[in-house]
Amino acid sequence: IATRRGKLDEAATYFAQAEQLLRSQYGAAHPLRLRALMNWASAQLHGGNVKEALPKLEEGWKWLSSALGEDHPDAFKALNALGAGYGLNEQYEAALPVFERVLAGYKKTLGASHPRIGTAAGNLGEAEQRLGRYPEALVHFAEASAVYEKTGSPLRATTTLGEAEVLLALNRADEALKRVELSLAIC
């Protein structure tokens, strides 16, 4: 409830208490404890406490990879969260291979048009954009936009805007303007 109300510091406190209780009751390897840990990390991440969230995200990914296998979609989801943590901490060089792995893993396990492909491609595009790798970013933003278009997701507006920003950086203002107009139409 605190998370839904946008009270992320309060939510992080509750998730920390839950994680400690579940750890003492069931042990560190229990799935409920892992869920509380990942929720705690998410609240910290979105609340701006990125450095505190990163070790929890890494632990969650390692646990899920071990328990479910590295090629399980939920392990890739946890790895994606870790990549997002790197990105929010402006560690784009670290985020880039993580998002590449997530995108390849989702394509292998979920198929090319699953909504998570849009998330992974968009995240990869953003990391590439931040690193000035504009041609690659444009490809991944376009891939994310195409997936979101097929699934009818409003997230297409975000990736279309990402395309516009990259096109502008490439001095392709006319194309960028068309993408901005499309993004606004989607909203």
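The values are calculated or read from the model by the stated rules, or taken from the named source; none is laboratory data. All values reported here derive from a predicted model rather than from experimental measurement. Here the Cβ positions follow ideal geometry from the backbone for every residue, glycine too, while neighbour counts run over all protein chains shown. All accessible areas refer to the heavy atoms of the entire protein, side chains included, with ligands and DNA or RNA removed. Shrake-Rupley method; radii C 1.70, N 1.55, O 1.52, S 1.80 Å.
The numbered conditions (1) over 26 Å from S42 (Cα atoms); (2) modelled with pLDDT of 95 or more; (3) open to solvent by less than 80 Å² (accessible area, probe 1.4 Å) are all true for D174 except (3).
Residue-by-condition table, conditions (1) hydrophobic (A, V, I, L, M, F, W, C); (2) in contact (Cβ under 8 Å) with a residue 40 or more places away in the chain:
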position	(1), (2)
R4	no, no
A11	yes, no
A16	yes, no
L21	yes, no
Y26	no, no
H30	no, no
R35	no, no
M38	yes, yes
K51	no, no
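Screening segment 83-92 for residues that are open to solvent by less than 60 Å² (accessible area, probe 1.4 Å) and part of a helix (DSSP H, G or I) and picking the one that is nearest to A53 (Cα to Cα) gives G85. The set of residues in segment 146-171 being buried (at least 20 other Cβ atoms within 10 Å of the Cβ) and touching a Pro at 6+ places or on another chain (Cβ under 7 Å) consists of V147 alone.
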